[in-house]
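Have a look at the structure below before the remarks.
The values are calculated or read from the model by the stated rules, or taken from the named source; none is laboratory data. Here the structure is a predicted model, which means the values were calculated and not measured. FYI the Cβ positions are ideal-geometry reconstructions off the backbone, even for glycines, and counts take in every protein chain you see. These area figures cover heavy atoms from the full protein model, side chains too; ligands, DNA and RNA do not enter into them. Shrake-Rupley method; radii C 1.70, N 1.55, O 1.52, S 1.80 Å.
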Amino acid sequence: EVARHPDCEAVVTGIVGCAGLQPTVEAIKAGKDICLANKETLIAGGPHIVPLIEKHGVKILPADSEHSALFQCIQGLPEDGLRRIILTASGGAFRDYSLDEMRFLAENDPLALHAKATTHPNWDMGAKITCDSATLMNKSLEVIEAHYLYGTSYDDIDVVIHPQSIIHSMVETADSSVLAQLGWPDMRLPILYTMSWPERVMCSEETWPRLDFIKMGDLTFKEPDTDKYPSLTLGYAAGRDGGTMTGVFSAANEQAVAMFLDKQIGYFDIFAVIEKACEKHKQEIVLDPSLDDIV
């Protein structure tokens, strides 16, 4: 009832998990624009939600840092002007660790590995999201989101490690220009832009530090190691399978991370749990799912 209230113009969907799907569907049916802060809406519900958005003519405005960056970069682009999406990733807790070092900790000091996986170098987030950043699962989920948000082929969505978290993502245009959105790591800006679009709100410099290029220093980039971050390979595969596979991929990660945080499984077991769940689901995949199929 709240999501489709007649006095409401836009709905911020921030309910974690599939519980946020039904209210989002009701808001779309009521003609409300969606300020999207819930990953499952598109990752699990994309095959159902995207046609629904088109049917009811509503807008979906991303509140996530990377997708807000992409959304800001494509403002004013002509149709067919987007050539490639480049999602930036901090690299998480293990960006400066080699795979051998991580395996050594897993075997000899799993508690230290557990503690490291739940400590982010740039962002202050909860344990689950911080762990998703450590595994780069958050970026795998964002790849799937980008596909549904912008209709971009998985072949044209790249991920690059950017340790400073200043460039929040980039787009390459048809003529090979690259547009980027920069700012300090602060979730307030994407949330504000989502709710104020297409306007820009003047903010106090005292409470909203402006980007200082001298203080910012160097910006560096490197290719993600898929042996160290197998979640990327799993995520692209789930996205290309389509249908209900992306929802299973996300749900399997939620369960695996919960078991890891509860110290029921080890760090590298997270990837094994997800891979087994997705492999098993191949026998039951629904390519054109209803909302009931997804939930």
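Here are the numbers:
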{"item": "Residues within the range 107-121 that are of a type in the set (A, V, I, L, M) and either open to solvent by 40 Å² or more (accessible area, probe 1.4 Å) or modelled with pLDDT of 95 or more (or both), tallied", "result": "2"}
{"item": "Matching residues, the range 253-284, being open to solvent by 10 Å² or more (accessible area, probe 1.4 Å), out of contact with any Leu (no Cβ under 9 Å at 6 or more places or on another chain) and small (Gly, Ala, Ser)", "result": "Ala258, Ala272, Ala277"}
{"item": "Selected residue (criterion: least open to solvent (accessible area, probe 1.4 Å)) from residues of the range 1-21 that are of a type in the set (A, V, I, L, M) and part of a strand (DSSP E or B)", "result": "Val11"}
{"item": "Any hit, the range 48-68, residues being in contact with a Lys or Arg (Cβ under 7 Å, 6 or more places away or on another chain), farther than 26 Å from Val257 by Cα and of a type outside the set (Phe, Trp, Tyr)", "result": "yes"}
{"item": "Criterion (farther than 18 Å from Leu234 by Cβ and either in a loop (DSSP other than H, G, I, E, B) or in contact with a Phe, Trp or Tyr (Cβ under 8 Å, 6 or more places away or on another chain) (or both)) met by exactly one of Leu52, Leu111, Leu61", "result": "Leu61"}
{"item": "The range 153-165: number of residues that are assigned to a loop (DSSP other than H, G, I, E, B) and either at pLDDT below 95 or under 14 Å from Thr246 (Cβ atoms) (or both)", "result": "3"}
{"item": "Qualifying position, being of a type in the set (A, V, I, L, M), open to solvent by 50 Å² or more (accessible area, probe 1.4 Å) and either farther than 16 Å from Phe71 by Cα or within 15 Å of the chain's Cα centre (by Cα) (or both), among Ile157, Ile129, Ile166, Ile144", "result": "Ile129"}
{"item": "Residues of the range 207-236 classified as open to solvent by less than 60 Å² (accessible area, probe 1.4 Å), under 22 Å from Gly266 (Cβ atoms) and over 18 Å from the mean Cα position of the chain (by Cα), total", "result": "1"}
{"item": "Among (1) surrounded by 15 or more Cβ atoms within 10 Å (Cβ to Cβ); (2) free of Cβ contacts under 8 Å to residues at least 12 places away in the same chain; (3) not hydrophobic (A, V, I, L, M, F, W, C), the one test that Asp96 misses", "result": "(1)"}
{"item": "Where Gly91 falls short, out of the listed (1) at positive phi; (2) at pLDDT below 85", "result": "(2)"}
{"item": "Failed condition for Gly239, given (1) part of a loop (DSSP other than H, G, I, E, B); (2) over 28 Å from Ala112 (Cβ atoms); (3) open to solvent by less than 40 Å² (accessible area, probe 1.4 Å)", "result": "(1)"}
{"item": "Number of positions in the range 54-73 that are in contact (Cβ under 8 Å) with a residue 12 or more places away in the chain and surrounded by fewer than 17 Cβ atoms within 10 Å (Cβ to Cβ)", "result": "3"}
{"item": "Among (1) open to solvent by less than 10 Å² (accessible area, probe 1.4 Å); (2) in contact with an Asp or Glu (Cβ under 6 Å, 6 or more places away or on another chain); (3) part of a helix (DSSP H, G or I), the one test that Leu87 misses", "result": "(3)"}
{"item": "Tally, over the range 182-218, of residues that are free of Cβ contacts under 8 Å to residues at least 24 places away in the same chain, under 27 Å from Lys32 (Cα atoms) and outside any loop (DSSP other than H, G, I, E, B)", "result": "3"}
{"item": "Pairs with Cβ under 9 Å, 6+ apart, first in the range 7-21 and in contact (Cβ under 8 Å) with a residue 24 or more places away in the chain, second open to solvent by 70 Å² or more (accessible area, probe 1.4 Å) and not in a helix (DSSP H, G or I)", "result": "Cys8/Val2; Ala10/Lys59; Val11/Val2; Val11/Arg4; Val11/His5; Cys18/Val295; Leu21/Ile15; Leu21/Val295"}
